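This report refers to the structure that appears directly beneath it.
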Amino acid sequence: MPSADHDLGPQDLGRPATTVHREPLDRSPEHAEPSRFLPHVQGLRAIAVLFVVLYHFWPARLPGGYVGVDIFFVISGFLITAHLMREIAATGTVRLGQFWARRARRLLPASLLVLLFCALAVMSPYLMPTSALPNEVREIIASTFYVENWSLALSSADYLNHSGDPTTVQHYWSLSLEEQFYVMWPLIMLLAAWVGVKSFRASRRRAVLVAIGVVTAASFVFCVAFTLTNPAPAYFVTFGRMWEFGLGALVALVPRLRVRHAVGSFVLGWAGVLALLYTAFRFDGQTPFPGYAAALPALGAAAIIAASNTSGWWQPTRILAIRPAQFTGDISYSLYLWHWPLIIIAPSVPFWGLTIYHRVALLAICFVLAWLTKRFVEDPARHWKVLVTRRAAVTLWASLAAMVLVAGTAGAAWAVNAPAYRDGVQSLAQLREDPPGCFGAASVLEAGCAGTDFGGTILPAPGFAGVDRPADERCFVQLNDSRPVSCDFGSDDPDAPRIALIGDSHAFQLLSTFERMAEENGWHLVTFFKGACAWSTTPLSTPGAFGDACTTWRNGVTAALRDADIDAVFTAAIASTPYSSAGFDSSHDAAVAGYRGAWSEVLDRGIPVITVVDNPVWETDPNKCLRTRAEASCVGARSEMLVEDDPLRDAAAGIPGVTLLDFTDVFCDDSACFPVVGGANLYRDQDHLTVTFADTLAPQYTAAITAALAAGVP
C-alpha cells in the first residue's frame, strides 16, 4: 500500500516513508505504520502524464493520449480511499480539517504559481491575443477556485474538438474535478460508515464498500447516457467521472482484487499496459468519450494497480519501478501544470518556430520547469512550519487568501487590457460595415484592384482575429449529437427563394456572410451544421457512436430537405474528412461517391447545388506568427497546407446542376499559401476563415447562387 503521507492526490504517489514530515497536529494512526509506497503506481503516473503531454505536443501521433487523465482518476480513487479507510477503521472518523489542509499544502502552491504565471502572461498582448482576454480571465478565475470543469461544461466546450482557441488553463478542468472529489469522497465514506453501523449493524468497511459500489455503478450509467445525449458537457461534469475514482476505490477496498500470484500478476499487469497503449494509439478526438469507451483505459489502470507481484524483472511492477519512470512520476503534477500553458504561449514568442526541434526543446523546458517546481515549491510547501504547526484552519484561510490574490491578478489583467478589447470589438464592427476598397479577395478577383498597397495593415488585427466568427453557435452540433438542428434567417416572405447551407464547420464558417447575403437579396436561409460531418452518403471511417451519429444526422438532414421547400443548396466541407473506403478503390473515391449520392437527393428534384473547394489548413493558427513577425515570414508551403485532390472538386466535375467555386488562387500562388490577402486576415484559427474575409467572397457566393437559381437543373 502507498505511504500514508503520499497517497493523497494526483501528484502524491509518494516517496519512501523516511522522507515523510510528521505534522505535530496530525497524529492519525496510519503515521505509525510502515511505508505503503508502491513504485509501480508511481510508474503508472508517469505513463498517465506522458500520455497527456505527448498527446498535446503531437496529437496526430498519440491521438488517444487524453486518456491519461482517466488513469489519474483511477489512481487517486485507489490511494485516497485506502488512506481514508485506514483512518475510519482505526478511529471511526476522518479529521476532515487536517485531510483538506494536507491536500491544500500539496496541491495549491504549484497550482497557484502556474495560474499566476498565466495571469501575468495575459497582460502581455505579445504573448496572448487580445481576443482571448475574456475567456482567459474567466477560466483563470474558475481554475483558481477549482470549478473550471463546470465552467467548460456550462459553456459546452468541446475539449477534444475545440472549435476556438483554448485558454492557457483549460487543462485545469481535471484538477478541478479532482479537488471536488477530495471534498466529496471523505463525506460519502463517513456517511456510509455511520449509516452502516447505526442502521444495519454492518462493519464500516462493508458499509463503505456498498456505498462506493452504488456510486460507481450509478456514475457509470450516468456517464454513458450523458455522453450519448450531451457529449460536450459530459466530458467535464463531476458525477460523470466519479465512477473512475470509484473503480480505483474498489481495488483499494477489496484485497482479493490485488493479485500477488506471479502468473496472475504478470497477465493482469501486462493486459492493463496493452489496454492503455491501445487506447492511446487507437482512440482519437472522434471517439465517443468518456462514455463506455472510458472503461477500457480505466480498467487497464485498475489492472496495473492490482498487479502486485514484484518477484521478477519481467513483471510490470518491476518495469514501472525503473528510475526514469519514478522520476517522471515524481514530477508529473508540475509537468501536467506547466506543459499546456507553454504550448499555448510558445508560438507567440518571437523567433520561436514550430519545427520538431522547437517542440522537443519545449518539451525539455517543461521537464526542467516541472523539476524546479517540485524541488523548490511543492516539497517545501508541504513542510512550512507556519502552517503545519498550527490548526488546519490556518492552512485553509491562507489558501483562500492566495487564491484571492491570483484571481485579483487575473482581474487586473482584464482592467489593463479591457480598453484594447473594447476598441477591437468596435473596430471589427466598423470593418464589417465599411470595408476598404479592393479589400481581401477583391484584391485578387476584381479588375483594377491588382497591386493595391495596404501598407502592412492587417484587418482584423492578428490579436483580435479569434473572435471574428459566426455568433449563432446554437445552429452547430458537435461530436455524438445526431439531431438535425436547423436555423432560419433572412426574409419571411413565402415567395422568397429558400437557400439551404449545409455541412461541417467549414460550412458553418460562412454563416454570418450568408446571413447578410440573405438579408440583402431577399432570400430565406435554412442551415444544417455538424462538426466533422460533411453532407454525404458514405460513412465516416471513424467507428462507433461518432460515425453512427454522423450517419443519423445526415439522414435527418435529407429527410428535412424532402419536407422543405428548398430552391438551392450550398454545401462545404473540410477536404480531409475521413471516409470509409469499404467497397471503393480508395477513401477519395468513397468521398466523391458520397457527395454525389447526397446531392442526387436534391438534384433529382430539380434543386441546384453549389459547392466550394476547401481552403488551406495550417498546422497552427497563423495569427500567432503574425503578432510577432512580418507577414512575409508567416506564409506556408502550398504542398503542406492544401489538399490538391479535394474530393468536392472531383465530385462536382461534369454533374449537371452542380456549380463549383474554387478560390485556391486567392489563398495561394504556385508555391505558397498566405495568411493575409489584400489586407484581410484570412484565419481565426488554424483552418477556419474569419467572417471578415468570408464577407469579401460574398459577391462570388451571391453570383453563383443567383445563377444557379436562374438555371436550375438541366
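Values quoted throughout were computed directly from the atomic coordinates according to the rules given, and no laboratory measurement underlies them. Every value quoted in this text rests on a predicted model; they were computed, and no experiment measured them. Note that we place each Cβ from the backbone using ideal geometry, even for glycine, and neighbour counts take in every protein chain shown.
Quick one: compute the contact order of the chain, relative version, from alpha carbon pairs under 8 angstrom and 6+ residues apart, as a percent.
Reported as a whole number, the value is 15 percent.
Rounded to the nearest 0.05, what FRET efficiency do residue 262 and residue 447 give with R0 = 60 Å and r taken as the Cβ-Cβ distance? Could you check?
That pair, residue 262 with residue 447, gives E of 0.15.
Could you state the angle between the C-alpha long axis of helix 68-91 and the longest principal axis of the C-alpha atoms of the chain, as a value from 0 to 90 degrees rounded to the nearest 10?
Compared with the principal axis, the helix lies near 30 degrees.
Which entry is the computed semi-axes √(5λ) of the Cα gyration tensor in Å for this structure: [x] 51, 29, 23; [y] 36, 30, 27; [z] 59, 37, 19?
It is the value labelled [x].
For the range 459-464, in order, what is each residue's ³J(HN,Hα) by Karplus, 6.51 cos²θ - 1.76 cosθ + 1.60 with θ = phi - 60°, in whole Hz (x at glycine and Pro)?
10, x, 4, x, x, 10
Does anyone have the angle between helix 39-57 and the longest principal axis of the chain? Alpha-carbon axes, 0 to 90°, nearest 10?
It is inclined by approximately 10 degrees.
Based solely on its DSSP helices, what 222 nm [θ] is calculated for the chain when runs of n ≥ 4 H residues each add -39,500 (n - 2.57) and the sum is averaged over all residues, nearest 500 deg cm²/dmol?
-17000 deg cm²/dmol
List the chymotrypsin sites (Phe, Trp or Tyr not before Pro) within the range 622-714 that DSSP assigns to loop and that have no more than 10 neighbouring Cβ atoms inside 10 Å.
Answer by residue number: there is no such site.
Of 477, 259, how do they rank once you tally other Cβ atoms within 10 Å and put the fewest first?
So the ranking, lowest neighbour count to highest, is 259, 477.
If you plug each phi of the range 277-290 into the Karplus form 6.51 cos²θ - 1.76 cosθ + 1.60 with θ = phi - 60°, what whole-Hz ³J(HN,Hα) values come out, in order, with x for Gly and Pro?
After applying 6.51 cos²θ - 1.76 cosθ + 1.60, I find 5, 4, 5, 5, 9, 9, 6, 8, x, 9, 5, x, 9, x Hz.
Under the rule a/c < 1.5 gives rounded, and otherwise a/b versus b/c splits prolate from oblate, where does the range 95-232 land using the Cα gyration tensor?
The shape class here is oblate.
So who's got an amide H within less than 5 Å of the one on residue 457, skipping anything under 5 residues away but keeping other chains? H placed 1.01 Å off N, in plane.
Those lying under 5 Å, H to H, from residue 457: there are none.
Which listed residue (512, 615, 331) has the Cα farthest towards the positive end of the charge dipole for the chain, taking +1 on Lys and Arg C-beta and -1 on Asp and Glu C-beta about the Cα centre?
Of the listed residues, the answer is 331.
With θ set to phi - 60° and the Karplus curve 6.51 cos²θ - 1.76 cosθ + 1.60, what are the ³J(HN,Hα) couplings of the range 124-138 in order, to the nearest whole Hz, using x for Gly and Pro?
9, x, 7, 9, 9, x, 4, 4, 7, 4, x, 5, 4, 5, 4
For the range 442-711, take the alpha-carbon Rg, divide it by the Kirkwood Rh, and send me Rg/Rh.
Taking Rh as the inverse mean 1/r over Cα pairs, Rg/Rh reads 0.96.
Taking the Cβ of each residue in 344, 305, 188, 365 as the centre, tally the other Cβ atoms inside 10 Å and list the residues starting with the fewest.
By the 10 Å Cβ count, ascending, the order reads 365, 188, 344, 305.
For the range 74-233, what is the relative contact order in percent, using Cα pairs closer than 8 Å and at least 6 residues apart in sequence?
23
Using only Cα atoms and rounding to the nearest 10 degrees, what angle (0 to 90) does helix 242-253 make with the longest principal axis of the chain?
On a 0 to 90 degree scale, this one is about 20.
Please report, in debye to the nearest 20, how large the charge dipole of the chain is about its Cα centre when each Lys and Arg carries +1 at its beta carbon and each Asp and Glu carries -1 there.
With Lys and Arg at +1 and Asp and Glu at -1, about 5220 debye.
How much length is gained on full extension from residue 401 to residue 629, taking 0.36 nm per residue of separation minus their Cα-Cα distance?
That works out to 78.1 nm of additional length.
Looking at 304, 265, 555, which one has the Cα that reaches farthest to the positive end of the dipole of the chain (charges on Cβ: Lys, Arg +1; Asp, Glu -1)?
265
Given H placed on each backbone N at 1.01 Å, which residues far from residue 498 in sequence or on other chains put an amide H within less than 5 Å of it?
The list, which skips near neighbours in sequence, is 524, 567, 568.
Once you sort the root eigenvalues of the Cα gyration tensor of the range 96-160 as a ≥ b ≥ c, which label holds: rounded (a/c under 1.5), prolate (a/b larger than b/c) or oblate (the other case)?
oblate
Sorted from fewest to most neighbouring beta carbons within 10 Å, what does the list 669, 685 look like?
Fewest-to-most Cβ neighbours within 10 Å comes out as 669, 685.
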